[in-house]
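Before any comments, here is the structure.
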Amino acid sequence: MKNSGVGHRRRGRTRLGFTLLEMTIVLFLIGITAAIAIPKLSQSAEQGKSRACATDQEALRAALESYHAAHGSYPNGTDAQAIIAALQNDGAIGEVACPSGGQWEISLQYGSGQTGAAGENPLDDTATVRCTVHGELYGTQIHPDANGE
């Protein structure tokens, strides 16, 4: 009986390329992977910026503490940029900036309850460092040791 060829494939012929179904499945898997990965990457980038800002806030806090210990009071100034400039001029800190573009807010509170004036008891002096984007990640209250040094 002779084969008419209906319903039979020719043997030895290799298939070139991919079918539409295979391509659709691959694109679907790539889309799902991207949908999961992209938000995680952007979240990681924001966490990194927040951590960098926290590090700079801690550096500002430490510089304020160092300045206070050396001079008995905080630097003069009512705005953050003037205070940071005084710390930089004193060599207490280098360049600090929020990587998200936030501005620094520094609140100096003296033991007298006044801002911008040295209090009678430097143990009661406090400083708060805050970023306009990330908020207050660190606050500090200056407390020399029991000998007042």
Part of a helix (DSSP H, G or I), closer than 25 Å to residue 99 by Cβ and either at pLDDT below 85 or touching a Pro at 6+ places or on another chain (Cβ under 7 Å) (or both): does that describe residue 87? yes
Considering the range 18-55 alone, what residues qualify as being more than 30 Å from residue 104 (Cβ to Cβ), surrounded by 11 or more Cβ atoms within 10 Å (Cβ to Cβ) and among the β-branched types (Val, Ile, Thr)? 24, 25, 26
Out of 63, 70, 45, I need the residue that is of a type in the set (Gly, Ala, Ser), touching a helix residue (DSSP H, G or I) at 6+ places or on another chain (Cβ under 8 Å) and not in a loop (DSSP other than H, G, I, E, B). Which one? 63
Looking at residue 43, is it out of contact with any strand residue (DSSP E or B) (no Cβ under 8 Å at 6 or more places or on another chain), closer than 30 Å to residue 91 by Cα and at pLDDT below 90? no
Which residues, taken from the range 112-149, are modelled with pLDDT under 70 and surrounded by 14 or more Cβ atoms within 10 Å (Cβ to Cβ)? 118, 119, 122, 137, 138, 140, 142
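The values are calculated or read from the model by the stated rules, or taken from the named source; none is laboratory data. Remember, it's a predicted structure, so these values are computed and weren't measured experimentally. Every residue, glycine among them, receives a Cβ derived from its backbone with ideal geometry; neighbour counts consider all protein chains shown.
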